[in-house]
Protein chains: 2
Amino acid sequence: MDFSEKLSDRTKTMGASAIREILKVVGKPGMVSLAGGIPSPDSFPMELIKELTDKVYTKYGSSALQYDLTEGFTPLRENMAVFLNKNGINVNSEQILIHSGSQGALDAICKVLISKGDKIAVEAPTYLGALQAFKPYEPQFVRMDMDDEGLVPESLEEVLRNNEIKFVYTVPTFQNPTGRSLSLERRKRIAEIIIKYGAILVEDDPYSSLRYSGEALPSIKTMAPDNVIYITTLSKVLAPGLRIGVVVAPEQIHKWMVIVKQGVDLHSSTLGQAIAAEYIEGNYLDEQLPKIIDLYKPKHAAMLNALEKYFPDSFTFSKPEGGMFVWAEGPEGLDLVKGYWTAVENNVAYVPGKYFFTEESEGLSTMRLNFTMAEIPVIEGAVKKLAEVLESLMK
Amino acid sequence: MDFSEKLSDRTKTMGASAIREILKVVGKPGMVSLAGGIPSPDSFPMELIKELTDKVYTKYGSSALQYDLTEGFTPLRENMAVFLNKNGINVNSEQILIHSGSQGALDAICKVLISKGDKIAVEAPTYLGALQAFKPYEPQFVRMDMDDEGLVPESLEEVLRNNEIKFVYTVPTFQNPTGRSLSLERRKRIAEIIIKYGAILVEDDPYSSLRYSGEALPSIKTMAPDNVIYITTLSKVLAPGLRIGVVVAPEQIHKWMVIVKQGVDLHSSTLGQAIAAEYIEGNYLDEQLPKIIDLYKPKHAAMLNALEKYFPDSFTFSKPEGGMFVWAEGPEGLDLVKGYWTAVENNVAYVPGKYFFTEESEGLSTMRLNFTMAEIPVIEGAVKKLAEVLESLMK
């Protein structure tokens with residue numbers, strides 16, 4: 001049977017996922033991948049998770065396996081409220097929603113806010129997974145400039161002045177893909193701008209706990225609570241396979257996100273939420289986070305050192321104080337999508353930066369490098385090899 | 001802030017969920033609820049699930065907590081392939097998708113197939129959760145007639161002849177809400193019709209294992225494999241809190257469902273899938289299912305007997321051979337939405353049948369009754385009380 005004519009308009013325009021196709025080779029034997037975007041399994045507190053799972057079965061019994069509220073497992077919402085308040089976000093448990101990862105939150109936000117053709121303002125570059133959540137809703141993307149310090153407030157303001165924007169999307173801290181972070185001053189300025197324009201800002205904050213140097217920065221949510229939909233996740237500080245996304249949204253949007261989620265998956269895995277509830281309640285994150293940072297900090301340093309040492313002088317790269325990624329940019333004219341295949345022939349993989357841009361013309365000479373998965377000597381070797389590939393491409 | 005103007009067109013048309021509102025009172029102390037749609041927690045193999053969880057941590061280690069394939073956890077897909085083949089569905093593991101419950105599958109199917117205004121053919125009445133998945137995609141619903149034996153094939157054919165239907169949705173066995181099942185003959189006829197019209201049929205099959213009498217019936221999928229998107233779930237035969245939906249779709253639709261799911265939640269909980277994989281692999285369902293049936297069968301009998309004994313003669317009710325629900329229909333003119341509040345005042349709750357219909361004018365004198373949650377004496381007492389309420393309403 002050919003069901004082509006049965007496909008929805010959105011499906012017809014989606015096309016195959018180019019990035020999905022090119023990353024298929026990453027798993028090839030012998031490949032060293034700096035392409036990943038996932039936490040090291042060494043960062044998962046396996047023994048603790050086992051203990052907490054036992055505790056969940058004892059404490060919650062069959063409730064941990066039963067249908068549950070769409071809004072989220074009540075003990076997790078209560079514990080997350082305490083946790084978020086410690087981080088300066090004034091919230092009660094009723095204002096918290098648990099989604100199936102940050103991805104689930106992004107999908108729900110679009111379903112509530114985006115009609116076909118509506119405008120979403122995104123950073124250039126922006127998080128690829130967010131684009132994958134947004135695109136099926138057939139929005140128009142309006143790009144906002146970034147520089148080394150992240151989103152440029154003047155660009156945000158210009159975009160809001162000249163467009164009807166449904167929401168602004170930003171990853172303000174250790175952004176995926178660039179690793180860039182907004183300064184305190186820029187956060188304040190951005191908060192002022194979104195308040196001035198009555199805009200909704202989606203603040204995606206998966207990485208801020210993974211800080212290896214410098215001072216912690218408050219979320220934009222703390223500065224413009226009525227305008228910000230704040231999303232965080234336990235994927236980087238507990239385990240991504242549990243699929244726990246946490247949302248604090250203005251009441252009106254919160255209400256619709258619940259109704260929308262009921263249609264999408266009824267609720268997120270009760271068992272995973274119960275384990276997460278115990279993890280937060282026991283303050284285990286306070287024990288675990290330093291271990292995760294101890295694990296990543298030397299990898300982060302190894303990557304930055306190797307880039308400094310080996311990468312061609314014509315390249316610049318970001319120097320993030322945390323997170324999981326470094327962003328490198330080669331000289332104009334260099335095609336790092338084509339270069340990807342040369343790198344792969346040499347058994348080293350990265351993500352071509354082009355895929356993080358909404359404008360076809362942008363980012364061809366950029367790449368995203370991950371430092372959380374590989375071991376330190378492997379990172380050093382891979383960066384060295386990659387540098388050789390880049391030199392050969394520029395000959 | 002008032003963000004009303006930021007809402008999407010779909011949100012603006014969604015309105016509050018009436019059913020959600022009316023069911024809020026069900027949890028009131030002292031209420032006996034026949035309104036539920038959830039399995040008894042006594043049906044969960046708690047000790048076994050604990051053992052399987054331990055095994056998962058030993059066997060899969062950190063993989064059980066890591067990001068995983070959008071398509072589903074490979075061992076679960078492999079084990080489900082074996083399981084489905086035993087049930088006559090010829091499938092290999094690559095053709096299986098794991099979604100976040102059947103709900104997640106229904107959402108993905110709409111995303112792939114439905115543009116605003118497209119037509120979906122549904123039974124009258126149909127599963128409320130499916131309507132909640134479908135409505136945000138702004139389809140038109142085309143109703144198909146049912147009788148005591150389920151979907152009427154002639155009505156299906158008439159609908160397909162006169163409409164461009166994106167897909168037909170049916171719950172052929174122990175339907176929610178009616179408990180009705182299609183005979184073998186009707187299944188064959190429906191398979192012929194959908195093949196004849198090149199139609200896609202979504203066969204939602206959560207209940208067929210819960211059979212208390214009569215002969216097992218093959219799924220429509222076995223008769224029209226190229227036209228049917230088959231959905232089943234472990235929510236009724238293991239535990240719903242794990243949120244495991246299983247889909248076998250024609251290849252072209254399968255492919256898009258993966259891409260769409262990547263944007264919606266990346267993948268379903270790895271831990272939950274791993275536990276499910278062990279449950280299927282160990283053939284524990286063969287042990288557990290008779291226990292679940294032993295649990296529900298007397299409740300099913302108690303409900304049917306009590307209806308026979310107490311309900312007004314002017315009511316008819318379905319006599320399902322399995323599943324979780326009985327459907328009752330009162331005399332024309334009786335308003336069982338209004339009656340709901342009288343019942344609730346008398347501490348007994350049901351679901352007004354009206355909410356399972358897509359046409360505003362239908363189902364006012366119908367109700368859905370669940371028999372899996374309450375204990376037998378409670379079921380008997382509740383049906384008796386409800387019968388008194390109904391008598392009083394008809395005075």
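The values are calculated or read from the model by the stated rules, or taken from the named source; none is laboratory data. Since this is a predicted model, take the numbers as computed values, not measurements. Backbone-built Cβ (ideal geometry, glycine too); neighbour counts: all protein chains shown.
To keep it simple, each residue is scored yes or no on (1) modelled with pLDDT of 95 or more; (2) touching a Cys at 6+ places or on another chain (Cβ under 8 Å); (3) within 13 Å of chain B (Cβ to nearest Cβ).
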| site | (1), (2), (3) |
| --- | --- |
| A:Ser4 | no, no, yes |
| A:Ser17 | no, no, yes |
| A:Val25 | no, no, no |
| A:Ser43 | yes, no, yes |
| A:Phe73 | yes, no, yes |
| A:Glu78 | yes, no, no |
| A:Ala81 | yes, no, no |
| A:Lys86 | no, no, no |
| A:Ser93 | yes, no, no |
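Residue-by-condition table, conditions (1) more than 22 Å from the chain's Cα centre (by Cα); (2) crowded, with 18+ Cβ neighbours inside 10 Å; (3) in a helix (DSSP H, G or I); (4) not aliphatic (A, V, I, L, M):
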site	(1), (2), (3), (4)
B:Leu238	no, yes, no, no
B:Lys261	no, yes, yes, yes
B:Ala274	yes, yes, yes, no
B:Glu287	yes, no, yes, yes
B:Asp294	no, no, yes, yes
B:Lys299	no, yes, yes, yes
B:Met303	no, yes, yes, no
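Would you check which residues across segment B:135-165 are within 28 Å of B:Ser8 (Cβ to Cβ), away from chain A (no Cβ under 12 Å) and either assigned to a helix (DSSP H, G or I) or not β-branched (Val, Ile, Thr) (or both) and list them?
Quick first cut of segment B:135-165, residues within 28 Å of B:Ser8 (Cβ to Cβ) only: B:135-143, B:163-165.
Right, trim to away from chain A (no Cβ under 12 Å) and you get B:140-143, B:163.
Those that are within 28 Å of B:Ser8 (Cβ to Cβ), away from chain A (no Cβ under 12 Å) and either assigned to a helix (DSSP H, G or I) or not β-branched (Val, Ile, Thr) (or both): B:Gln140, B:Phe141, B:Arg143, B:Asn163.
Restricting to segment A:79-115, and then to whatever is free of Cβ contacts under 8 Å to residues at least 24 places away in the same chain and part of a loop (DSSP other than H, G, I, E, B), can you tell me which residue is farthest from A:Thr233 (Cα to Cα)?
Within segment A:79-115, the subset free of Cβ contacts under 8 Å to residues at least 24 places away in the same chain is A:81, A:85-86, A:92-94, A:115.
Narrowing further to those that are part of a loop (DSSP other than H, G, I, E, B): A:92, A:115.
Values: A:Asn92: 17, A:Ser115: 26 Å.
Only one residue tops the list, namely A:Ser115.
A:Thr126 passes all but one of (1) more than 26 Å from B:Val112 (Cβ to Cβ); (2) part of a loop (DSSP other than H, G, I, E, B); which number fails?
(1)
For segment A:166-199: of the residues being under 28 Å from B:Ser4 (Cβ atoms), surrounded by 24 or more Cβ atoms within 10 Å (Cβ to Cβ) and touching a residue at least 40 places away in the same chain (Cβ under 8 Å), which is farthest from the other protein chains (Cβ to nearest Cβ)?
The residue in question is A:Pro172.
Check A:Glu51 against each of (1) in the same structural domain as A:Leu295 (by TED's automatic domain parsing); (2) free of Cβ contacts under 8 Å to residues at least 12 places away in the same chain and name the one condition it does not meet.
In the conditions (1) in the same structural domain as A:Leu295 (by TED's automatic domain parsing); (2) free of Cβ contacts under 8 Å to residues at least 12 places away in the same chain, A:Glu51 misses (1) alone.
Return a yes/no flag: does segment B:331-345 have any residue that is modelled with pLDDT of 95 or more and under 20 Å from B:Leu151 (Cα atoms).
Looking for residues that are modelled with pLDDT of 95 or more and under 20 Å from B:Leu151 (Cα atoms), one finds none in segment B:331-345, hence no.
Would you point out which residue out of B:Ile98, B:Ile109 is in contact with a Lys or Arg (Cβ under 8 Å, 6 or more places away or on another chain), within 14 Å of chain A (Cβ to nearest Cβ) and within 27 Å of B:Arg243 (Cα to Cα)?
Being in contact with a Lys or Arg (Cβ under 8 Å, 6 or more places away or on another chain), within 14 Å of chain A (Cβ to nearest Cβ) and within 27 Å of B:Arg243 (Cα to Cα) holds for just one of B:Ile98, B:Ile109, which is B:Ile98.
Table: residues versus (1) buried (at least 21 other Cβ atoms within 10 Å of the Cβ); (2) more than 20 Å from the chain's Cα centre (by Cα); (3) not aromatic (Phe, Trp, Tyr).
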| position | (1), (2), (3) |
| --- | --- |
| A:Ser63 | no, yes, yes |
| A:Arg77 | yes, yes, yes |
| A:Leu84 | yes, no, yes |
| A:Ala108 | yes, no, yes |
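Going through segment B:347-372 one residue at a time, which ones are in a loop (DSSP other than H, G, I, E, B) and within 27 Å of B:Asp42 (Cα to Cα)?
Hits for segment B:347-372 are B:Asn347, B:Tyr350, B:Phe371, B:Thr372.
Got at least one residue in segment B:201-210 being more than 30 Å from B:Asp294 (Cα to Cα), at the interface with another protein chain (Cβ under 10 Å from one of its Cβ atoms) and at pLDDT 95 or above?
Checked against the condition, which is being more than 30 Å from B:Asp294 (Cα to Cα), at the interface with another protein chain (Cβ under 10 Å from one of its Cβ atoms) and at pLDDT 95 or above, segment B:201-210 yields no hits at all.
Which of the following residues is farther than 18 Å from A:Ile89 by Cα and touching an Asp or Glu at 6+ places or on another chain (Cβ under 8 Å): A:Gly214, A:Gly179, A:Gly198? Show your work before the answer.
Details: A:Gly179 fails: touching an Asp or Glu at 6+ places or on another chain (Cβ under 8 Å); A:Gly198 fails: touching an Asp or Glu at 6+ places or on another chain (Cβ under 8 Å).
So the residue among A:Gly214, A:Gly179, A:Gly198 that is farther than 18 Å from A:Ile89 by Cα and touching an Asp or Glu at 6+ places or on another chain (Cβ under 8 Å) is A:Gly214.
Pick from A:Gln175, A:Gln132: which is outside any helix (DSSP H, G or I) and within 13 Å of the chain's Cα centre (by Cα)?
So the residue among A:Gln175, A:Gln132 that is outside any helix (DSSP H, G or I) and within 13 Å of the chain's Cα centre (by Cα) is A:Gln175.
Just a yes or no: is a residue in segment A:250-273 away from chain B (no Cβ under 11 Å) and among the aromatic types (Phe, Trp, Tyr)?
No, every residue in segment A:250-273 fails to be away from chain B (no Cβ under 11 Å) and among the aromatic types (Phe, Trp, Tyr).
State whether one or more residues within segment A:129-149 are crowded, with 23+ Cβ neighbours inside 10 Å, in contact with a Pro (Cβ under 8 Å, 6 or more places away or on another chain), modelled with pLDDT of 95 or more and more than 30 Å from A:Ala274 (Cβ to Cβ).
no
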